Amino acid sequence: MSDRLRILIAPGVYKGSLGAPAAAAAIERGLERSGLAFDAALLPVADGGTGTLDAIMAAYPNGTRQTVVVRDPLGRPVRADYGLIDNGQTAIIEAAQACGVDRLALTERNPAKASSYGVGQLLKHALDAGATQFVVMAGDLATVDAYMGCLMALGGQFFDTDGRRIVQQGGSALAKVTNADLTGLDPRWRDCQVKVATDVTNWLQTGMRSADVIDYEVSSTQYIEALAQATPTQSTQAYGRVAHPLQMCLGATLTSGMGTVLNRVGFEQHVTEADLIVTGGGPLHMDTVTNHAGLVNLIERANARGVPVVALFDEWTVDNTVLHINGLDALIPVVDGVMPSEIARLDMEKLVARAALRLGYLLKLKLKRPLL
């Protein structure tokens with residue numbers, strides 16, 4: 001029997017600093033530096049937000065990336081990518097490519113003004129490219145406009161109480177909507193299948209004031225009612241406001257962000273061949289575990305196969321007990337000294353490799369003389 005560990009390296013995104021493919025490579029380098037005898041399979045993952053396109057496309061070498069000029073959340077032109085896989089039939093739309101929080105400086109982040117128009121532009125381009133299956137990875141958006149901007153880009157029109165067409169975009173425009181006209185939507189959508197993939201249960205931007213949350217809840221309800229009147233032939237079964245507008249207008253269904261990625265990259269096959277899974281990412285906060293099911297989804301799948309999971313995380317504000325309850329076996333901090341978070345972000349690749357080096361030393365010690 002071989003004494004080489006079989007390690008599945010499956011990190012997510014270290015947000016704001018390091019993508020999943022680069023993180024996986026850094027973890028492998030760190031483990032190698034420790035002198036540990038192991039065989040590695042690199043499987044970058046993501047939760048439906050920033051970095052998801054990179055993770056999925058890494059598993060599809062025959063897929064193609066398309067670059068399009070679209071509008072960012074504030075209407076400025078930016079370059080955004082989407083992917084075509086399955087011989088061009090399936091489009092992977094990472095909504096954050098067009099309208100993600102990372103597209104805006106901290107001083108620009110205003111949900112009242114931010115629009116999802118660029119997401120609609122990506123969808124339209126992929127439709128024109130011949131795709132019939134669409135996976136909209138919907139995490140890390142800067143907007144709370146409930147896809148109103150997206151539907152505008154696809155041909156939808158919205159009107160106020162005086163019958164005037166609304167041209168304003170952003171979350172604040174929802175309150176003005178009393179009627180919708182969706183006859184301008186491309187009829188080809190009727191023959192397409194659309195999935196909205198996200199693990200975020202709260203569609204409203206975190207950090208909003210309580211009064212703002214209430215205002216947007218009321219505004220979106222009025223907007224949803226206008227959509228319902230304009231789509232009498234579509235099912236009105238609610239999937240939650242994260243996906244409801246696209247469900248009503250494009251027949252979309254809601255699915256897990258991390259679950260979709262794990263299925264697409266062949267996680268189940270890889271985990272059966274692993275002795276250990278090393279994941280990571282960050283920052284990791286309480287709402288990541290309780291409201292954001294991505295990490296838990298990965299851990300549950302590993303636990304079902306009896307494979308332990310170690311996580312190398314950037315920063316976290318979660319009690320270790322919570323992580324253990326959710327099935328995580330060990331957590332190793334990436335930052336190994338006192339340093340400002342801005343410096344850590346710039347050095348994240350080296351920090352991740354050093355965390356993996358420490359893990360490698362511990363695994364060597366365990367193999368040399370079992371301690372537990």
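The values are calculated or read from the model by the stated rules, or taken from the named source; none is laboratory data. This structure is a prediction, so every number in the text was calculated from the model and none was measured. Here Cβ is always computed from backbone atoms with ideal geometry, including for glycine, and neighbour counts include all displayed protein chains. Accessible surface areas use protein heavy atoms only, side chains included; no ligands, DNA or RNA. Shrake-Rupley method; radii C 1.70, N 1.55, O 1.52, S 1.80 Å.
Please tell me if ARG188 is in contact (Cβ under 8 Å) with a residue 24 or more places away in the chain and exposed (fewer than 14 other Cβ atoms within 10 Å of the Cβ).
yes
Looking at the range 34-43, can you tell me whether even one residue there is under 23 Å from VAL101 (Cβ atoms) and within 17 Å of the chain's Cα centre (by Cα)?
no
For the range 102-109, does any single residue satisfy the condition of being of a type in the set (Asp, Glu) and under 20 Å from GLN193 (Cα atoms)?
no
Yes/no matrix, rows are residues, columns are (1) in contact (Cβ under 8 Å) with a residue 40 or more places away in the chain; (2) hydroxyl-bearing (Ser, Thr, Tyr); (3) farther than 24 Å from VAL45 by Cβ:
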residue	(1), (2), (3)
ALA80	yes, no, no
LEU84	yes, no, no
THR90	yes, yes, no
SER115	yes, yes, yes
THR143	yes, yes, yes
ALA146	yes, no, yes
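Where the second residue is crowded, with 16+ Cβ neighbours inside 10 Å and of a type in the set (Ser, Thr, Tyr) and the first is on the phi < 0 side of the Ramachandran plot and part of a helix (DSSP H, G or I) and lies in the range 50-65, which pairs have Cβ atoms under 8 Å and are six or more apart or on separate chains?
LEU53/TYR82
Could you list, in sequence order, all residues of the range 9-49 that are at pLDDT below 90 and on the phi > 0 side of the Ramachandran plot?
If the condition is that a residue be at pLDDT below 90 and on the phi > 0 side of the Ramachandran plot, then GLY16, GLY48 are the ones that fit.
So for the range 68-76 (the condition being closer than 28 Å to GLU225 by Cα, part of a loop (DSSP other than H, G, I, E, B) and open to solvent by 10 Å² or more (accessible area, probe 1.4 Å)), does at least one residue qualify?
Yes.
From the list VAL296, VAL335, VAL265, VAL318, which residue is at pLDDT 85 or above, among the β-branched types (Val, Ile, Thr) and open to solvent by less than 50 Å² (accessible area, probe 1.4 Å)?
VAL265
Looking only at the range 82-113, count every residue that is closer than 18 Å to LYS15 by Cβ and in contact with a strand residue (DSSP E or B) (Cβ under 8 Å, 6 or more places away or on another chain) and tell me the total.
Of all residues in the range 82-113, those closer than 18 Å to LYS15 by Cβ come to 94-106, 108-109.
From the residues that got through so far, the ones that are in contact with a strand residue (DSSP E or B) (Cβ under 8 Å, 6 or more places away or on another chain) too are 94-101, 103.
Total satisfying the criteria: 9.
Being in a loop (DSSP other than H, G, I, E, B), open to solvent by less than 10 Å² (accessible area, probe 1.4 Å) and within 20 Å of THR272 (Cβ to Cβ) is the filter here, so list the residues in the range 1-42 that pass it.
Matches in the range 1-42: ALA10, PRO11.
Out of all the residues in the range 274-289, is one or more within 20 Å of VAL307 (Cα to Cα), of a type in the set (A, V, I, L, M, F, W, C) and modelled with pLDDT under 90?
Checked against the condition, which is being within 20 Å of VAL307 (Cα to Cα), of a type in the set (A, V, I, L, M, F, W, C) and modelled with pLDDT under 90, the range 274-289 yields at least one hit.
Can you say whether LEU122 is open to solvent by 40 Å² or more (accessible area, probe 1.4 Å), hydrophobic (A, V, I, L, M, F, W, C) and closer than 18 Å to GLN169 by Cβ, as far as the supplied structure shows?
no
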